Each structure stands twice: as structure tokens, then as C-alpha cells.
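To keep things clear, I will list the structure first and then write my remarks on it.
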Amino acid sequence: MKKLSRCVLGMVLAGMSALALAYHCPMDMKQIDEALSKNPSLSAEQLAEVKQLRAEGEAQHKAGDHASSVETLAKAKQLLGI
Ligand SMILES: [Cu+2]
């Protein structure tokens, strides 16, 4: 029983990591949009940077460059503290 559940868990994790990258960007963008809609306490400069990174990440995602997109969006999330 224990063995089986570990096997199922392994399969779930393997499936998730394969899908994670392609789904990661829209998830990150959503989180960034949500954070932005809550009036984050950032300077105008930081806010502009977040928006720029958000746009850049979306462009990279649309171009199929999900790895770069996740990286770019991570920087925006870091600025937002999420
Ligand atoms: Cu993507």
C-alpha cells in the first residue's frame, strides 16, 4: 500500500514537472496581475519595472521561451514580494 502510494506520487510529480514550465508563466502573470491590482506599496520606479518585466515575460511566453519567461516573471514577483 505504501509502495503504491509512493509510485502514484512519483508519477504525479513527474507529470507535474513536465507540465509545470508551460503552465508556469500564465500562473505567474496572474499572480503578478493580482498583486498589481491590490495597490502594492512600491515606488513608481519599481512599479514601472514590474510592469516592464511582466510584459517582457508575456512576450517570452508567447514566443515559446518559457524558461526565460519564468525567470523574468520571477524577478517581477520578487519586486512585488510574492
Ligand atoms: Cu510560458
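The values are calculated or read from the model by the stated rules, or taken from the named source; none is laboratory data. Note that the coordinates shown come from a computational prediction; the quantities given were computed from them, not determined experimentally. Here Cβ is always computed from backbone atoms with ideal geometry, including for glycine, and neighbour counts include all displayed protein chains.
Could you run through segment 13-39 and say how many residues are in a loop (DSSP other than H, G, I, E, B) and at pLDDT 95 or above? Write out each step before concluding.
Of segment 13-39, the ones in a loop (DSSP other than H, G, I, E, B) are 38-39.
Pick out the ones that are also at pLDDT 95 or above and you get 38.
Count: 1.
Hey, can you tell me all the residues within segment 40-81 that are in a helix (DSSP H, G or I), within 14 Å of the chain's Cα centre (by Cα) and acidic (D, E)?
The answer is E56, E58, E71.
If you go through segment 71-81 one residue at a time, do you hit one that is modelled with pLDDT of 95 or more and exposed (fewer than 13 other Cβ atoms within 10 Å of the Cβ)?
Yes, some residue in segment 71-81 is modelled with pLDDT of 95 or more and exposed (fewer than 13 other Cβ atoms within 10 Å of the Cβ).
Residue-wise test of (1) charged (D, E, K, R); (2) within 10 Å of the ligand (Cβ to nearest atom).
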| site | (1), (2) |
| --- | --- |
| Y23 | no, yes |
| D28 | yes, yes |
| L36 | no, no |
| P40 | no, no |
| S43 | no, no |
| V50 | no, no |
| A59 | no, no |
| K62 | yes, yes |
| A67 | no, yes |
